[in-house]
Every structure is written in C-alpha cells, then in structure tokens.
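Here is the structure we will look at, set down as structure tokens.
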Amino acid sequence: MINIIFVHYIKNKLIYDTRVEISTKLLETYLSQSYEKYTRKGSHVLINNILREVPHVVDGVFTPLLIIL
C-alpha cells in the first residue's frame, strides 16, 4: 500500500515539475522577445499558451508515457 502511494507521489511530482519547467522556459522566451513581437501576438495568446496549452501537452503526451512505463 505504501509502495503504491509512493509511486503515485513520484509520478505526480514529476508531472507537476515538468509543467513548471516548460511554463517557466516558455515565459522566459516570451520575456526575451522584443516588445514588437509581444504586441504583435497579443498577450492573450501568450497567456493561453502558458496556462492552458502547457498542461494540455503535458497531460496528453508526458503523462501517458509515465503510465506506460
């Protein structure tokens, strides 16, 4: 029982850490762009990418890979 809890804890921590790492790198990339590029895309697109798309990709790609392993 403790083994199962530990495995789920590690899996969830890995998923969370992956989301944070990808979101942070994406935000750093956006912040390093010129203001012109930022305004051309629109802040709503950039925010959507960080807050919605990253979890979507992690849950759709990374999480199933963890389940397979």
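Sorting Y30, Y35 by accessible area (1.4 Å probe), largest first, what list results?
Y35, Y30
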I'd like the accessible area for V20: 1.4 Å probe, protein heavy atoms, all chains in place, Å² to the nearest 10.
60
So which aspartates and glutamates pass the test for K25, namely a Cα distance under 18 Å, with those fewer than 8 places away in the same chain ruled out?
D17, E53, D59
From the Cα gyration tensor of the stretch 18-69, with a ≥ b ≥ c the square roots of its eigenvalues, which class applies: rounded if a/c is under 1.5, or else prolate if a/b is larger than b/c, or else oblate?
prolate
Can you pull the percent of the chain's accessible area that's carbon plus sulfur, 1.4 Å probe, other chains left in place?
67
Can you give me the accessible area per residue for the chain, using a 1.4 Å probe, in Å²?
83
If ligands, DNA and RNA are left out, what is the accessible area of K41 with a 1.4 Å probe, given in Å² to the nearest 10?
100
Gain on full stretching of the segment that runs from I68 to R52 - 0.36 nm per residue minus C-alpha separation
3.4 nm
Measure nothing but the geometry: give the 0 to 90° angle between the long axis through the Cα atoms of 2-32 and the longest principal axis through the Cα atoms of the chain, rounded to 10°.
10
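The values are calculated or read from the model by the stated rules, or taken from the named source; none is laboratory data. Please read all numbers here as calculations on a predicted model, not as lab measurements. Just so you know, the surface numbers come from the protein's heavy atoms only, side chains and all, with ligands and any DNA or RNA stripped out. Shrake-Rupley method; radii C 1.70, N 1.55, O 1.52, S 1.80 Å.
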